Ligand SMILES: [Fe+2]
């Protein structure tokens, strides 16, 4: 089973970057599945439905999301809640009998006689949210999940690498790959534990280049010189981009290869 993983396809120029690069990648890597994070596909918070639909059409199998997914709830909840929605959200948000959030934190996709389970999980350390303990939540989920699958991938949205590593230890032999997201800095730590589960603690993003993640340099001047955070940040309108992604191969449940790939290109 071959998989391409992208995360943080940020704003409209970078949605176009994905549209441009994906056919080339598909040709080169011949993946069975493509997983893409779309949390900031509209702006630096929230995807809206029309942008999720735009990305859904690009030969994408699962779209993951994270801490911003409900920032604009009204504009995404119907899409998120569709029975066949490709978009999932972290599974460990607080929910109760009194209030259930739209859709769910996992999805099984099936293609070429292979079934892939994708799980979206989030930590609360240094985040602005409180969520159920991700370690307890995923153990309970995997223990009780009864459907068949051939591989499991966990998108773990977190700030601290220690949590990613401990999740790796906890889930070794239970999942094929854990990849970390949210810190916007690709790590050089892809590794395998006991010849079974791979990890990379941050994948990085599809981003405007050069910029501060996505922000135009000069628009940050007042913030960084004064530490006053009220100043507006401008989006970088640069047509150049860097695409970072992972190519992953899984065989007999085990992850056997992981490759970090970077493309620098321009829309014009
Ligand atoms: Fe995030």
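Please treat every number below as a calculation from the coordinates, not as lab data. Everything quoted here is computed from the prediction, not taken from an experiment. Note that each Cβ is placed from the backbone with ideal geometry, even for glycine, and that neighbours are counted across all protein chains shown.
Cβ crowding within 10 Å, taken as a proxy for footprinting-reagent exposure, orders 86, 254 from fewest neighbours to most as 254, 86. A straight chain from residue 125 to residue 97 at 0.36 nm per residue would run longer than the Cα-Cα distance by 7.5 nm. Seen from every direction in turn and averaged, the convex hull around the alpha carbons of the chain projects onto 14.6 nm².
When both bridge partners sit in the chain, DSSP labels roughly 60% of those beta bridges antiparallel. Note that the range 89-213, at 37 °C in a medium of 0.692 mPa s, gets a Stokes-Einstein diffusion coefficient of 212 µm²/s from its Kirkwood radius over C-alpha pairs.
Between 82, 26, 221, the Gaussian network model of the chain with springs among Cα atoms under 10 angstrom shows the greatest mean-square fluctuation at 221. Ordered by the count of other Cβ atoms within 10 Å of each Cβ, fewest first, 136, 13 give 136, 13. Net length available on complete extension from residue 265 to residue 68 is 68.1 nm, with 0.36 nm assigned per residue and the Cα-Cα distance removed. The gain in end-to-end length when the residue 147 to residue 254 segment is fully stretched comes to 36.7 nm, 0.36 nm per residue minus the alpha carbon separation. Comparing Cα centroids, the range 66-96 and the range 235-266 end up 25 angstrom apart. Of all the options 38, 100, 213, the one that moves most in a Gaussian network model of the chain with Cα springs shorter than 10 angstrom is 100. Once the Cα atoms are used to define both axes, helix 11-29 deviates from the longest principal axis of the chain by about 40 degrees.
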